[in-house]
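The values are calculated or read from the model by the stated rules, or taken from the named source; none is laboratory data. Predicted model, so just to flag it, every value in this text is computed and none were measured. Reconstructed Cβ throughout: ideal geometry from the backbone, glycine too, with neighbour counts over all protein chains shown.
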Amino acid sequence: MFRVGVDLGYGFVKAVSESGERALFPSVVGSGGPRALAGLFGEKRASEDRYHVVVRAFGAAFGGSPAPEERFVGDLALRESPDASRAFDSDRADHPSTLALLAVALGLLAGDRGPAHLGTGLPLQYYSGQKERFRRALEGFSAEVEFLSPSLGKRRASVGRVTLFPQAAGAFFAQLLDESGRVRDPDLARGGGLVGVVDIGYKTVDFLAVDVGDGLAVRDRLSGTLDWGTSAVTRAVQRQIEAASGRVVDAVAVDAALHGPGVLYVWGAEYRVSEMARDARREAARAIADHLELRWGDALGLMRRVYFAGGGAADLWEHLRRIHPAAQLVPDGQFANARGFLAVAVRRERRGA
Ligand SMILES: Nc1ncnc2c1ncn2[C@@H]1O[C@H](COP(=O)(O)OP(=O)(O)OP(=O)(O)O)[C@@H](O)[C@H]1O
Ligand SMILES: [Mg+2]
């Protein structure tokens, strides 16, 4: 089976396949219709056409209707769907958006290679409550995805096998295992002790402590979710610009400027968003550090390493590194969960598990 790791975040979907292909797109779903489609098909567009899709053949899983439905996803939804919204509320297993996002991720990376072995995760706070339902829904997953990009065309995305973890655990496995599922860091695997993982995302911060002794064990009491994410920094900058300009400013545009040119033009005025974000980031990092110190308490002092992953880790790293002398910024941190899910899926198959 072709193996794919997919991290369905509140902000962005991250996906990586065993052949090294990747996808990153906003977790946004909106209604799609034939009128918009007709116009779009007639246009030549850049490579981001990859994310311009229509998803059909919704099954009963994820609360989708049995009738065909059309959805725009990712950047297309942001631009073209009047009702585009961030895809998730608290329930992944029953959410129709899960299906649309997954269909696109699998369609892009697994193409028509038949049912995929999907490595994926649930937010830590919902893991125990939803894992069985989510797994069942995923195991029956099948959808038809039509991409606007002619080189991709119409594809069938389906799941043959599921490997499921709490999201932040993916980042841990990305450090432990390489892409072929072999242990890349024997010291981490054998050395014993506690390892902390902090996954800083768009809407949440997941933290996890793993006991690396005889096998691996997650320490429940030292693991949890903090309701804070990078979107708070974006909102702070957005508010500053709105106050200064007296205009409504789009959060997506602010986020894009923060991770692109560092400046945003609003009605002719230039706003240096990177500088505007500085204070918000410092405050954010302090809030996260305070929370971790509170929740981890004495255990923090006993940790061998503390990994910081997720799309928001790099932005806050200069402040967060002070929390522990063995703190490490996970390289390619936004993809860490997806890479870890993939590595475990590959490892399980190789060992015949
Ligand atoms: N190239 C990039 N594209 C998009 N976001 C980026 C990029 N580089 C850094 N980021 C930051 O990463 C953040 C999203 O991080 P991430 O993808 O880990 O969140 P998520 O997993 O969707 O959210 P959550 O974990 O709360 O569900 C963005 O809000 C942005 O601040
Ligand atoms: Mg995440």
Just one of Arg135, Arg155, Arg161 is without any contact (Cβ under 8 Å) to a residue 60 or more places away in the chain, part of a strand (DSSP E or B) and away from ligand 1 (no atom under 15 Å from the Cβ); which is it?
-> Arg155
Sole residue being among the aliphatic types (A, V, I, L, M), assigned by TED's automatic domain parsing to the domain that holds Gly114 and closer than 20 Å to Leu122 by Cβ, chosen from Val210, Val162 | Val162
Please verify whether region 213-226 includes one or more residues that are of a type in the set (S, T, N, Q) and either assigned to a strand (DSSP E or B) or assigned by TED's automatic domain parsing to the domain that holds Glu70 (or both).
-> yes
Pick from Gly170, Gly140: which is more than 15 Å from ligand 2 (Cβ to nearest atom) and touching a residue at least 12 places away in the same chain (Cβ under 8 Å)?
-> Gly140
Among the strands (runs of 3 or more DSSP E) contained in region 242-353, which hold 3 or more residues that are in the same structural domain as Asp220 (by TED's automatic domain parsing)?
-> 303-309, 327-329
Among the residues of region 193-222, which ones are crowded, with 18+ Cβ neighbours inside 10 Å, away from ligand 2 (no atom under 16 Å from the Cβ) and in contact (Cβ under 8 Å) with a residue 60 or more places away in the chain?
-> Leu194, Val195, Gly196, Ala209, Val212, Leu222
Pick from region 313-353, criterion over 24 Å from Arg219 (Cα atoms) and within 16 Å of ligand 2 (Cβ to nearest atom), ranking: surrounded by the fewest Cβ atoms within 10 Å (Cβ to Cβ) | Asp332
